[in-house]
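**Student:** Please find one structure pasted underneath; my questions will follow.
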Amino acid sequence: MDRILPGVCCLEQHQQSMAEAPERYRPECCPGCGKTGLWAHGVYRRKADREGVGGASHNPVSIPRFYCPACGCTCSRLSECVAPRRW
């Protein structure tokens, strides 16, 4: 599974994509066991944007989570604009 979803390059686009087509983020298979059929498992919030002029910011950003019923693992999928393991 590719942890980064290509084609979503800015936070505005990420928020629009999450509102209109959240299924786009669902991985085809589990990164742990390789089985298909992951369930949506809510979201977690990340601080991905620095404060802009006048305090404008997109924080917090919602990142979708998925659960594998076969092995019990959870995973998430980030857009290109949200770097993994970074603020």
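**Student:** For 12, 80, which order do you get if you count the other beta carbons within 10 Å of each Cβ and list the fewest first? Could you put the intermediate results ahead of the total?
**Tutor:** On the way: 12 11, 80 14.
Ordered from fewest to most neighbouring Cβ atoms within 10 Å, 12, 80 come out as 12, 80.
**Student:** Taking the Cα centre as origin and putting +1 on Lys and Arg beta-carbons and -1 on Asp and Glu beta-carbons, what dipole magnitude results for region 4-79, to the nearest 20 debye?
**Tutor:** Details: 9 positive and 6 negative charges, 54 e Å.
Dipole size: approximately 260 debye.
**Student:** 5 Å is the cut-off here: which amide hydrogens, built 1.01 Å from N in the peptide plane, fall below it relative to residue 41, excluding neighbours closer than 5 in sequence?
**Tutor:** Residues meeting the amide H criterion: 65, 66, 67.
**Student:** Using each residue's phi in region 40-47, evaluate 6.51 cos²θ - 1.76 cosθ + 1.60 at θ = phi - 60° and report the 3J(HN,Hα) Karplus result to the nearest Hz, with x for Gly and Pro.
**Tutor:** 5, 9, x, 9, 10, 10, 10, 8
**Student:** Using the Karplus curve 6.51 cos²θ - 1.76 cosθ + 1.60 with θ = phi - 60°, work out ³J(HN,Hα) for each residue of region 63-79 in order, rounded to whole Hz, and write x for Gly and Pro.
**Tutor:** 10, x, 10, 9, 10, 9, x, 6, 10, x, 7, 10, 8, 9, 10, 9, 8
**Student:** Would you please put 33-43, 59-69 in order of how densely packed they are, using the mean number of other Cβ atoms within 10 angstrom per residue and starting with the highest?
**Tutor:** Result, highest mean Cβ count within 10 Å first: 59-69, 33-43.
Each value in this text was obtained by applying a stated rule to the coordinates, not by laboratory testing. All values derive from a computational prediction rather than experimental measurement. Cβ atoms come from the backbone with ideal geometry, glycine included; neighbour counts cover every protein chain shown.
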